[in-house]
Amino acid sequence: MEASEQIAESVAGTPEAMTALHLDELREQAGATELTLFGKQARIVASSSMQPGLIVPSLPNESLLLHLKEHQPYVGMEPVPDSTEPCVEPCRKGQAASLPNLRVRVISRLATPDALYLQALYSIPPRIGALAESVEAAFGHYREMNYLRGALKLTFSLGLSLVLLMSLLAAIWAAFISIRRIVAPVRELALATRKVADGDYAQRLPVQSEDELGFLVESFNEMTRRIALAHEEAQRSQLEVEHQRAYLETILSNLSSGVVSFDA
C-alpha cells in the first residue's frame, strides 16, 4: 500500500504526455504486473503491463468504483481471471509460463483536481498463493462450522440426552436384576416355610451364597431336618402306644373271671 501511494504521488506530478512512459518505469521499479491510471466512469488515461499485447487493462468492477467514490483507497486479494500472463518468478523447465492463481489489487486516488485513480496489480508467488488459499479454505470451514454451530449443539444435546436415557434405563434394569437376585432366595424361603407349616417336612433349599442369607438358608434346612426327625419319632411313639392299647384290649376281652377286692 505504501509503495502504491508513493507511485501515485510520483504520477501526480508527471505531465499527461509522459505518463505512459513514466508508468513503465514505475511498474518495473515496484515489481507490479500492471499499472493503470483511470478517471471517472473508468476512463483509462494510461496503462502499463508486463504483457505487451494487452489492449484493455483489468479495471475494477462497479462495487469497487462505488467504494472509490467515497475517497477511500482499496487493497484486496482476488483470483487471476487470465492465467496466460508471464511468470514474475523464474518458471521451472518444462512448466507453462503462468501467473499464480491469486493477485493483489491496490487502488489509490491521486492528489489532483481531477478525480484520477492509480491501480496497481501485484502477482503473488505460488507458495504464498497456496498458503492464502489454505487460509481462505480454513476461514470458509470456520464460517461453515459457525453457521452449523446451533445444529451441532442440538445434535450433541440430543445425543447426550439419548446416552443419558440409555444409561438410566440400563441402571434401572440392573437394579431390577439385582433386586430379583436378592428377593428370589427370600421368596423361595417363604414358600418352603409355608409348605413346612402345611406338614411337608422334607423341604430343603440350596445354599447359593455364604453371607447372612446363606446362613439363614442353612438354619432353615437344619430346622426342617430336626422337625422331620421329631415328627418321625412322634409317629413311632404313637404307633407303639396304639400297639399297647390293642394288646390290652385283646387281653381284657378274653378274660372269663376276675378278682374283686373290698375294703374294711
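Listed values for the range 230-247 are Karplus-derived 3J(HN,Hα) couplings in whole Hz (6.51 cos²θ - 1.76 cosθ + 1.60, θ = phi - 60°), namely 5, 5, 5, 5, 5, 5, 5, 5, 5, 5, 5, 4, 4, 5, 5, 5, 5, 5, and x replaces Gly and Pro.
Charge tally for L65 (other residues, Cβ to Cβ under 14 Å; Lys, Arg +1; Asp, Glu -1): +3. Close amide H contacts of R103 (hydrogens built in the peptide plane, cut-off under 5 Å, sequence separation of 5 or more or a different chain): E78, V80. The slack between S256 and E70, meaning 0.36 nm per residue of separation minus the straight C-alpha distance, is 51.4 nm. Amide H contacts of S47 (H built 1.01 Å from N, in plane; Pro and chain starts excluded): L37 sit under 5 Å, all sequence-distant by 5 or more or on other chains.
Shown are Y117, Y201, whose ranking by accessible area with a 1.4 Å probe and every protein chain present, most to least, is Y201, Y117. Per-residue SASA remark: M50, around 60 Å² accessible (1.4 Å probe; ligands, DNA and RNA not included).
Return, ordered by residue number, the residues of the range 199-217 whose backbone nitrogen is under 16 Å from a label point located 7 Å along Cα→Cβ of L229. Only 201-203 fall inside the zone, counting backbone N under 16 Å. 3J(HN,Hα) along the range 60-67: x, 7, 5, 5, 5, 5, 5, 5 Hz, from the Karplus curve 6.51 cos²θ - 1.76 cosθ + 1.60 with θ = phi - 60°, whole Hz, x for Gly and Pro. What figure in square angstrom, to the nearest 10, would you give for the accessible area of L65 with a 1.4 Å probe? Near enough 40 Å² of accessible area. Near A174, once Lys and Arg are set to +1 and Asp and Glu to -1 for all other residues with Cβ below 13 Å from its Cβ, the sum equals +2. FRET efficiency for the I179 to L148 pair, using the beta carbon distance and R₀ = 41 Å, is estimated at 0.35.
On a per residue basis, the range 186-242 carries 77 Å² of accessible surface, using protein heavy atoms and a 1.4 Å probe. Taking K and R as +1 and D and E as -1, what net charge do the other residues with C-beta under 13 Å from the C-beta of Q41 add up to? With Lys, Arg at +1 and Asp, Glu at -1, the neighbours total +1. Once the chain from A197 to Q244 is taken as fully extended at 0.36 nm per residue, the excess over their C-alpha distance is 13.9 nm.
The values are calculated or read from the model by the stated rules, or taken from the named source; none is laboratory data. Worth saying up front: this structure is predicted, and the values here are computed from it rather than measured. Glycine also receives a Cβ, built like all others from the backbone with ideal geometry; neighbour counts cover every protein chain displayed. What goes into the accessible areas is simple: the full protein's heavy atoms, side chains included, and nothing from ligands, DNA or RNA. Shrake-Rupley method; radii C 1.70, N 1.55, O 1.52, S 1.80 Å.
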